[in-house]
Amino acid sequence: MEHKRTLSRRKAFMKIGSLGAVCSATSAFSPTGAEARVRKATAFALVGDRWHSFDYIRTAMSRTFVKESGISIDFTSDTSLLTKKTLKKYRLIIMLMDGMVFPDGYASPFHLIPKELKLVSEPPVEGLNEKFEMWIKPEQGKALKEFVMKGGSALFYHNCNYISSANDDFRDVEGALFTGHTKFAPYKLEIVNKNHPITNGIKDFIVTEEQHYLIYDKDPQNVLMRSVSLEGEDFVTKKHGNQGAVCEACWAYDYGKGRVCYMAPGHTIPGLWNPEYVKLQKNAVKWLLKEI
């Protein structure tokens, strides 16, 4: 009998290990036994990068979507899980991450460390090379595109359009190319289409984070919200020139049999939990799942 219990415990730990790359969250209960094997999460959330921690994103979305909206979500930051096989298990993909990975490590994830502060290690760390690579592969962009074309939906946040520079299929689905962002500062989000189900009842609001700029590729009629510099400062880069003080910050459209929505704010929990933004996000998920 003791031998059987030992084997059972061993099998249990092996199963837990195989699921370690994905952290599940569900609003109602934690199913067990046969029910757990049948029940599937609604959404697959691929979130977190060097400058946007997995923890704050999971914390924010778990309250908004899981606890308050009843959506079950599997969270991960493992980009290798963006595959056709993974996506077929879900109705919705949620993404908040940029396109970069650092195979040889990096000195710090904290952008607020003073530049004059020298990070000392005794003995010294060898082989630290902060060169980044773009993680997305051609087959991953194709998998995402096929998923949405066939009826799945995608909710993109904040810095996802950075990925578009490395993959045309991703850019075609998400709808934009990242061009840069301002320093951390308050900026305003203005609703420009109040007749869409996503913006129904939503008022203009202000958040404090970087104001993201991008090149929007799709129909202007699909734009729901724009970001506005409170200082009226134009955003200028050498590569893309002067993009003004206003930029597209939320859009939504049908894509094949599926749906797509993008929202720019997402760098902090206070931003993600702004009351008007919470309502906007909840409406977006309902629209993406074709519940409104």
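The values are calculated or read from the model by the stated rules, or taken from the named source; none is laboratory data. The structure presented is a predicted model; accordingly, all values stated were derived computationally and were not measured. Using ideal geometry, Cβ is built from the backbone for each residue, glycine included, and neighbour counts are taken over all protein chains shown.
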*Just name the residue that is surrounded by the most Cβ atoms within 10 Å (Cβ to Cβ) out of those in the stretch 99-136 that are closer than 29 Å to Leu177 by Cβ and small (Gly, Ala, Ser).*
Gly99
*asked:* Here is a list: Phe102, Phe110. Which entry is modelled with pLDDT under 95, touching an Asp or Glu at 6+ places or on another chain (Cβ under 7 Å) and within 26 Å of Pro265 (Cα to Cα)?
replied: Phe102
*Among the candidates Trp273, Trp251, which residue alone is modelled with pLDDT of 95 or more, surrounded by 20 or more Cβ atoms within 10 Å (Cβ to Cβ) and of a type outside the set (D, E, K, R)?*
Trp251
*Does any residue in the stretch 197-225 that is under 17 Å from Gly266 (Cα atoms) come within less than 6 Å, Cβ to Cβ, of a residue that is surrounded by 14 or more Cβ atoms within 10 Å (Cβ to Cβ) and among the basic types (Lys, Arg) six or more places away or on a different chain, and which pairs are these?*
Ile206/Lys188
*Restricting the first residue to the stretch 85-100 and requiring it to be under 14 Å from Ile57 (Cβ atoms), which pairs with a second residue that is among the acidic types (Asp, Glu) and crowded, with 19+ Cβ neighbours inside 10 Å meet a Cβ separation below 6 Å and a spacing of at least six or different chains?*
Met97/Asp49; Asp98/Asp49
*asked:* If Ile206 satisfies all but one of (1) at pLDDT 95 or above; (2) not in a strand (DSSP E or B), what's the number of the condition it fails?
replied: (2)
*Restricting attention to the stretch 140-149, does a residue exist that is modelled with pLDDT of 95 or more, over 23 Å from Tyr90 (Cβ atoms) and out of contact with any Pro (no Cβ under 7 Å at 6 or more places or on another chain)?*
no
*How many residues does the stretch 259-292 contain that are aliphatic (A, V, I, L, M) and part of a helix (DSSP H, G or I)?*
7
*Can you tell me which residue in the stretch 216-233 is surrounded by the fewest Cβ atoms within 10 Å (Cβ to Cβ), limited to those that are at pLDDT 95 or above and of a type in the set (D, E, K, R)?*
Asp219
*Being part of a strand (DSSP E or B), farther than 26 Å from Thr42 by Cα, among the aromatic types (Phe, Trp, Tyr) and touching a Cys at 6+ places or on another chain (Cβ under 9 Å) narrows it down to one of Phe156, Phe178, so name that one.*
Phe178
*Residue list for the stretch 56-79, filter: in a helix (DSSP H, G or I) and either basic (Lys, Arg) or touching a helix residue (DSSP H, G or I) at 6+ places or on another chain (Cβ under 9 Å) (or both)*: Tyr56, Ile57, Arg58, Thr59, Ala60, Met61, Arg63, Thr64, Phe65, Lys67, Thr79
*Between a first residue in the stretch 61-80 that is under 22 Å from Pro270 (Cα atoms) and a second residue that is among the basic types (Lys, Arg), which pairs have beta carbons less than 6 Å apart while being 6 or more apart in sequence or on different chains?*
Ser69/Lys282; Phe75/Arg58
*Would you be able to tell me the number of residues in the stretch 113-143 that are in contact with a strand residue (DSSP E or B) (Cβ under 8 Å, 6 or more places away or on another chain) and without any contact (Cβ under 8 Å) to a residue 40 or more places away in the chain?*
3
_Test result for Phe170, surrounded by fewer than 20 Cβ atoms within 10 Å (Cβ to Cβ) and aromatic (Phe, Trp, Tyr)_ = no
*Quick check, is Ser69 modelled with pLDDT of 90 or more and over 19 Å from Trp273 (Cα atoms)?*
no
*asked:* Based on this model, can you work out whether Glu139 counts as under 18 Å from Val101 (Cβ atoms), surrounded by fewer than 19 Cβ atoms within 10 Å (Cβ to Cβ), touching a Ser or Thr at 6+ places or on another chain (Cβ under 8 Å) and acidic (Asp, Glu)?
replied: yes
